[in-house]
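Visitor: Here you go, one structure.
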Amino acid sequence: EKMERRQSSKTSKQPLQVRHENQTDLSAWRKGGKTDPEKSVRNRRSPSDQKNDSKQDSLEQALSYFEKVQDHVSLKKNDVLQKHLSTVERIALQRGLPPEAFDVLLNVALSGQLADTVNTRLVKSLIPASVIPENSVVSSVSWLCVSKCSANIQLLFLRWLITVFDFIDHKEQLHALYGFFFSFLQDEKMCPYVCHLLYLLTRKESVKPFRVRRLLDLQAKVGMQSYLQALLSLYKLFCPELVTITLPGKMKTYFKNSEGPWKAAMNTVRQRNQENSPLSQPLFLGTSQPQSRKRKWNTQLIIPASSTNKNNLEEDREKNCVDLYSTNESLPVEKLQTFSQLLQNIHCLEFPSQMGSVLTNPLLLHYMNCIKDESIYLRLYYWMGQTLQEECSWCVADNNRYEEEFKDFLDTVYKAECFLQEGFSACEEFLYKSLPLWDGSCCRSQILRLVSQIPLSNFSEMKSYLYDPLAQLFFTSSLYFKCSVLESLKELLQNWLNWHVVNLDSESDSQAHSLNTTLSGLVNVVAELIHFVGQISTVALRLENNSTLLLYFILDFYETVCDTYLRYNLPLLIMPPAGVFYPALLSMDSVSLNQLCYIMYRYRTNLVAAKENELTKKKILQFRFSSQTYQEYNQYTIAMVSCLWTSSAFQKDIHPQGLCMDDELLKKTAVQEFRTSFNIVYHPAMMGYAVLFLQQGWPDDTTFNFGLIKVRFLVKTGNFQQLCRRGRGLKGLKVFIESSINRISQAS
Amino acid sequence: DPQRTAFLLRKRWTLYSVTPLYGFSSARLRDYARMLSAFIAAEKQKGLAVEVGVELDIKVAVSSLPDLKGSDQDQAAILVQLSSRSPASLKNSEEKLVWSGWFCSVIGDALSQDVPHDFTCLPLFLVNGAESYTSIVGSWFQKTFDCCFRRLAISPLNLSWMAAMWTGCKVDKTASAMELVFSAPCLPQPLDISYAIHPEDAKALWDTVQKTPGEITQEEVDIFMDCLYSHFHRHFKIHLSATKLVKVSTAIASAHCDGIIKFLQSQYLTGVLMLLTELAISQIQ
């Protein structure tokens, strides 16, 4: 009675203060129910509000009717009851019931005052609009204990409680009732539902030896029942030192048919209220994923299901004191479902018993990122190292039939590396061991992606472990393989540079791996990679007859190289070798020429910035670019400018491998006007644009007299943009010419 | 004490390498036995829960073998034994050993020195008994201590090392013959060649090859084997160097390339284990 009075006083204080702005704003149930009556009063009122208000009033009337209803009113004879009952049902289905309604309705339904048909209809309409107050559930459990209502209503109530469990606002008092629920296990009909409810309620402290024994007795009586298995495996999860169970692999659902008539209505209400009301969480019992076929027991390829490392036998031994001070409660990883849960429990999380399972669990990867614990990495290192070696499709005989599985595994590893933005050392070692045996086709894309994640270290033997085996495959494989290798090495370079940038920012962080990486060591390792790519690119261009596709991937690599100083803050600039530069300059394809121009423009920007820093001595110059870099840049630029617009090709190129040719020799080719043959009009890559330009400027001329286009004029007035206008992609050429002209005009 | 390890002799042990055990404590062997025993029961009757600590059909004993280690840095070996209790003999506690396995490390510094304290390095695992039990026990260890098991095969190169090393060992009694088994590759029917040598002849040959007593080099092993091969060729015109060495049996021990070993002399037990520990570690690292 006391509780009831309190409840009614609460209702009188806040008589369902909900004012809707319009009919669709149903989330106001929640707002109004909780706080902020003033705000809702201030809202504009409209005719539809009044309609809502009348609904409101009728629900209020219905609730106060049910609050006062007397024993055994017959439904058939009582129009008032009928009216109020249908009001409750209608509103419940439309937008759910406010928190205050539950206490009243549950009290009526479970006290057995009314006929079972009414009670059933009442329980069925208990759809929450927002939350369900814990108090109302607790008082209904007390009704359950005195069993005033019929068995059917009891069952219905339990099923309802399971379905709406996540909507209950607090659960502390409910947890205190664990023993009461447990005692309902005796009831044969209720048992499956009670198991489900206990499954939702169970915490570590609920698992007691006497309860384990009761459940095992029950198991002996009813045999293998899925609901019992589920509860027992949860017990095992919390206390493996008390009970253990192996779940059969086939099982899919553990609790049948508990959703009842509410689930659909709740979903509708939630959709209409458009709120992030709690979703009931899926069951996760930590069974291993079904294996497609029989394999050895020590196969590691199957990523273990998460299972908490509850190896706390000491606790068992010192049970008494632990029970007294059990504050260091930890959350089993199986229960970890959302990011907010991770944040709330980050202090009391435990890693799974097998570290391999973090690979497929982004939340645990997040957690791993925060916890810099050597043991965690070591466990993962051993597991991954053994798995990669044991399951490698080309290193181990007879493994090739499992190639698809191995591919999936490598994909998983790669995804985890991307997530952590960090390569696994086990994976790096695996690559070094297995690349010499690799045929270049088995799991190709996976392996090349993993190569791009090799961590940057001061490792001086990269050449023999990575570059040599890769080069062998590179030279003997197809064009497409070459392109894939180049792409993967570009990503490797970018990853290293990004890592360097991040590390510069957090230099004070005493990260284990940053300690032994000095700047000069790092510069050397990066330079070694760039030189390697330069060498294989030169050879590959010859092997593949200067393929445009290949050139694209090579120049793509240099787009990163040319910006290392400004974009990645690394005092290193390496020019492409002549074997790459000249094929690009003389390419038949405007894409390559344009890429080259862009790259040269970025080299210039980087070199100018470096020079300025050097002059102003803003920084302590531990490293300065060698004069050779500037010299090489200048030689290339002279070659480009003389080809592209000063029309002095073959004349001014001073690069030892450059385009300098004797006039006599050139005359023998019988090509007229060879000096202009590579300017931006006549260059084979630009010819198409020149034709378009002519057609626009001189629409009547059909002789294609390119002489009409004056290159110097174009360049000086900036009209070359018109020439390039049609080629939307020729931005590189544009910025290169612009920057070069600026320089000329500045100098004059 | 040779008595305490005598039960390890004259049994076929299948070899595995094991990565360091995480969170293992040798003070809790009793608890491990209880949990493993319940785990075995649960695995056998999939779907039925088993209480930990009650008497079950399969009894598990986990104990430590403190004699089996090479140095103070090594962890004491751990022995796991499964014995079956038939319901009839429950009262007179008659038990039959059905499976045994042991973890050990003899001079395993190469692994243990860089590993943090919460890891236990016992890189070599030896098993005798039904594969079904190996799989259950192995899975339990994998799940509980986050370790990985891999079969440890012995390469022909390592087998020839064993042949040379064991030939040089002194054995008191009149020893049995040294036997080398070779397998000819790429034949439709498998062809095994058994090559038996009188132990004293083998010892005499080895003594001429080995330069410094107590030290063996790869070169010496190669010379020793080449001598045996050329002797065989002289008689049978078969180049054994073109076949694969699959098994070595001496009075000390016998080893098969599939990773199976039989210890025959307790005084050389730790010596053989030292070599096997080394092989296991190289498979882990």
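The values are calculated or read from the model by the stated rules, or taken from the named source; none is laboratory data. Just so you know, these numbers come straight off a predicted model, no measurement behind them. Reconstructed Cβ throughout: ideal geometry from the backbone, glycine too, with neighbour counts over all protein chains shown. The protein model used for the area step is the full one, side chains on, heavy atoms only, and it has no ligands, DNA or RNA in it. Shrake-Rupley method; radii C 1.70, N 1.55, O 1.52, S 1.80 Å.
Visitor: Given the stretch B:126-202, what strands (runs of 3 or more DSSP E) lie entirely inside it while holding 2 or more residues that are within 26 Å of residue B:16 (Cβ to Cβ)?
Guide: So the answer is B:149-151, B:178-184.
Visitor: Follow-up question, since we're still on this one. Take the residues in the stretch B:41-61 that are within 7 Å of chain A (Cβ to nearest Cβ) and within 32 Å of the chain's Cα centre (by Cα), then tell me which one is modelled with the lowest pLDDT.
Guide: Residues of the stretch B:41-61 within 7 Å of chain A (Cβ to nearest Cβ): B:42-43, B:46-52.
Pick out the ones that are also within 32 Å of the chain's Cα centre (by Cα) and you get B:42-43, B:46, B:52.
Values: B:42: 91, B:43: 90, B:46: 84, B:52: 88.
Ranking the candidates gives B:46 first.
Visitor: I need the full set of residues from the stretch B:90-148 which are within 14 Å of another protein chain (Cβ to nearest Cβ), more than 28 Å from residue A:241 (Cβ to Cβ) and of a type in the set (A, V, I, L, M, F, W, C), in order please.
Guide: Within the stretch B:90-148, just B:111 meets the criteria.
Visitor: What is the number of the single condition among (1) away from chain A (no Cβ under 14 Å); (2) open to solvent by 10 Å² or more (accessible area, probe 1.4 Å); (3) closer than 16 Å to residue B:276 by Cβ that residue B:154 does not meet?
Guide: Among (1) away from chain A (no Cβ under 14 Å); (2) open to solvent by 10 Å² or more (accessible area, probe 1.4 Å); (3) closer than 16 Å to residue B:276 by Cβ, residue B:154 violates only (2).
Visitor: To continue, here is another question. Pull up the stretch A:117-169, narrow it to residues that are touching a strand residue (DSSP E or B) at 6+ places or on another chain (Cβ under 7 Å) and of a type in the set (Asp, Glu), then point me to the one that is nearest to residue A:265 (Cα to Cα).
Guide: Here the residue is A:169.
Visitor: Hey, can you tell me all the residues within the stretch A:347-378 that are within 9 Å of chain B (Cβ to nearest Cβ), open to solvent by less than 20 Å² (accessible area, probe 1.4 Å) and in contact (Cβ under 8 Å) with a residue 24 or more places away in the chain?
Guide: Selection gives A:352, A:353, A:355, A:356.
Visitor: Determine which member of the set A:54, A:58, A:64 is modelled with pLDDT under 80, closer than 18 Å to residue A:133 by Cβ and out of contact with any strand residue (DSSP E or B) (no Cβ under 7 Å at 6 or more places or on another chain).
Guide: A:64 is the lone residue from the list that is modelled with pLDDT under 80, closer than 18 Å to residue A:133 by Cβ and out of contact with any strand residue (DSSP E or B) (no Cβ under 7 Å at 6 or more places or on another chain).
Visitor: Being within 22 Å of the chain's Cα centre (by Cα), open to solvent by less than 10 Å² (accessible area, probe 1.4 Å), more than 30 Å from residue A:230 (Cα to Cα) and without any contact (Cβ under 8 Å) to a residue 40 or more places away in the chain narrows it down to one of B:100, B:83, so name that one.
Guide: Working: B:83 fails: open to solvent by less than 10 Å² (accessible area, probe 1.4 Å).
Step by step, each of B:100, B:83 is checked, and only B:100 is within 22 Å of the chain's Cα centre (by Cα), open to solvent by less than 10 Å² (accessible area, probe 1.4 Å), more than 30 Å from residue A:230 (Cα to Cα) and without any contact (Cβ under 8 Å) to a residue 40 or more places away in the chain.
Visitor: Does residue B:277 fit the bill of being within 30 Å of residue B:111 (Cα to Cα), part of a helix (DSSP H, G or I) and open to solvent by less than 30 Å² (accessible area, probe 1.4 Å)?
Guide: Yes: the conditions hold for residue B:277.
Visitor: For the stretch B:246-266, which residues satisfy the criterion of being of a type in the set (A, V, I, L, M, F, W, C) and assigned to a loop (DSSP other than H, G, I, E, B)?
Guide: Quick first cut of the stretch B:246-266, residues of a type in the set (A, V, I, L, M, F, W, C) only: B:246, B:248, B:251-253, B:255, B:257, B:260-261, B:263-264.
Matches in the stretch B:246-266: B:251, B:252, B:257, B:264.
Visitor: Considering the stretch B:204-228 alone, what residues qualify as being aliphatic (A, V, I, L, M) and assigned to a helix (DSSP H, G or I)? Step through it out loud before you land on a result.
Guide: Residues of the stretch B:204-228 that are aliphatic (A, V, I, L, M), as a first pass: B:204-205, B:209, B:216, B:221, B:223, B:225, B:228.
Of everything in the stretch B:204-228, those that are aliphatic (A, V, I, L, M) and assigned to a helix (DSSP H, G or I) turn out to be B:204, B:205, B:209, B:221, B:223, B:225, B:228.
Visitor: Here is a follow-up. Has the stretch B:40-60 got at least one residue that is open to solvent by less than 20 Å² (accessible area, probe 1.4 Å) and closer than 21 Å to residue B:264 by Cα?
Guide: No, the stretch B:40-60 contains no residue that is open to solvent by less than 20 Å² (accessible area, probe 1.4 Å) and closer than 21 Å to residue B:264 by Cα.
Visitor: Every residue in the stretch A:186-197 that is away from every other protein chain (no Cβ under 14 Å) and under 15 Å from residue A:157 (Cα atoms), please. Lay out the reasoning, then the answer.
Guide: Just the residues of the stretch A:186-197 that are away from every other protein chain (no Cβ under 14 Å), to begin with: A:186-194, A:196-197.
Of everything in the stretch A:186-197, those that are away from every other protein chain (no Cβ under 14 Å) and under 15 Å from residue A:157 (Cα atoms) turn out to be A:187, A:189, A:190, A:191, A:192, A:193, A:194, A:196, A:197.
Visitor: Kindly check whether there is at least one residue in the stretch A:546-562 that is over 16 Å from residue A:603 (Cβ atoms) and modelled with pLDDT under 90. Write out each step before concluding.
Guide: Filtering the stretch A:546-562 for residues over 16 Å from residue A:603 (Cβ atoms) gives A:546-553.
Checking the rest, the ones that are also modelled with pLDDT under 90 come to none.
For the stretch A:546-562, residues over 16 Å from residue A:603 (Cβ atoms) and modelled with pLDDT under 90: absent.
Visitor: So the check is Cβ under 7 Å with 6+ separation or different chains; which pairs have a first residue in the stretch A:157-175 that's in contact (Cβ under 8 Å) with a residue 24 or more places away in the chain and a second one that's of a type in the set (Asp, Glu) and part of a helix (DSSP H, G or I)?
Guide: If the second residue must be of a type in the set (Asp, Glu) and part of a helix (DSSP H, G or I), the pairs left are A:168/A:134; A:169/A:134; A:170/A:134; A:171/A:134; A:173/A:134; A:174/A:134.
Visitor: Since residue B:167 meets every condition but one in (1) facing chain A (nearest Cβ under 8 Å); (2) among the hydroxyl-bearing types (Ser, Thr, Tyr); (3) crowded, with 17+ Cβ neighbours inside 10 Å, which condition does it not meet?
Guide: With (1) facing chain A (nearest Cβ under 8 Å); (2) among the hydroxyl-bearing types (Ser, Thr, Tyr); (3) crowded, with 17+ Cβ neighbours inside 10 Å applied to residue B:167, the lone miss is (1).
Visitor: So, in the stretch A:230-252, of the ones that are out of contact with any helix residue (DSSP H, G or I) (no Cβ under 8 Å at 6 or more places or on another chain) and closer than 16 Å to residue A:334 by Cα, which residue ends up most open to solvent (accessible area, probe 1.4 Å)?
Guide: Checking each candidate, the answer is A:236.
Visitor: Still on this structure, please answer the following. Among the listed residues A:221, A:208, A:236, which satisfies the condition of being within 8 Å of chain B (Cβ to nearest Cβ) and free of Cβ contacts under 8 Å to residues at least 12 places away in the same chain? Don't jump to the end; show me each part of the working.
Guide: Details: A:221 fails: within 8 Å of chain B (Cβ to nearest Cβ); A:208 fails: within 8 Å of chain B (Cβ to nearest Cβ).
Residue meeting the stated conditions: A:236.
Visitor: Further question on the same structure: If a residue must be open to solvent by 30 Å² or more (accessible area, probe 1.4 Å) and under 15 Å from residue A:100 (Cβ atoms), how many such residues does the stretch A:132-157 contain?
Guide: 1
Visitor: Being open to solvent by 10 Å² or more (accessible area, probe 1.4 Å) and in contact with a Leu (Cβ under 9 Å, 6 or more places away or on another chain) is the filter here, so list the residues in the stretch A:93-124 that pass it.
Guide: If the condition is that a residue be open to solvent by 10 Å² or more (accessible area, probe 1.4 Å) and in contact with a Leu (Cβ under 9 Å, 6 or more places away or on another chain), then A:94, A:100, A:104, A:115, A:117, A:120, A:121, A:124 are the ones that fit.
Matching residues to (1) at pLDDT below 95; (2) open to solvent by 70 Å² or more (accessible area, probe 1.4 Å); (3) of a type in the set (Ser, Thr, Tyr); (4) touching a Ser or Thr at 6+ places or on another chain (Cβ under 8 Å):
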| site | (1), (2), (3), (4) |
| --- | --- |
| A:457 | yes, no, yes, yes |
| A:461 | yes, yes, no, no |
| A:466 | yes, no, no, no |
| A:469 | yes, no, no, no |
| A:472 | yes, yes, no, no |
| A:476 | yes, yes, yes, no |
| A:483 | no, no, no, no |
| A:488 | no, no, yes, yes |
| A:496 | yes, no, no, no |
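Visitor: For residues in the stretch B:209-236 being touching a residue at least 12 places away in the same chain (Cβ under 8 Å) and farther than 13 Å from residue B:161 by Cα, which is surrounded by the most Cβ atoms within 10 Å (Cβ to Cβ)?
Guide: B:228
Visitor: From the list A:629, A:605, A:646, pick out the single residue that is in a helix (DSSP H, G or I) and either touching a residue at least 60 places away in the same chain (Cβ under 8 Å) or in the same structural domain as residue A:740 (by the TED database) (or both). Explain how you work it out, then say what you get.
Guide: Numbers: A:629 fails: either touching a residue at least 60 places away in the same chain (Cβ under 8 Å) or in the same structural domain as residue A:740 (by the TED database) (or both); A:646 fails: in a helix (DSSP H, G or I).
When all the criteria are applied, what remains is A:605.
Visitor: Continuing with the same structure: Whether any residue in the stretch A:379-393 is surrounded by 17 or more Cβ atoms within 10 Å (Cβ to Cβ) and away from chain B (no Cβ under 14 Å) is what I want to check. Give the steps one after another, and end with the answer.
Guide: Going residue by residue through the stretch A:379-393, those that are surrounded by 17 or more Cβ atoms within 10 Å (Cβ to Cβ) are A:379-393.
The next check asks that each one be away from chain B (no Cβ under 14 Å); those that pass are A:393.
The answer is yes, given that some residue of the stretch A:379-393 is surrounded by 17 or more Cβ atoms within 10 Å (Cβ to Cβ) and away from chain B (no Cβ under 14 Å).
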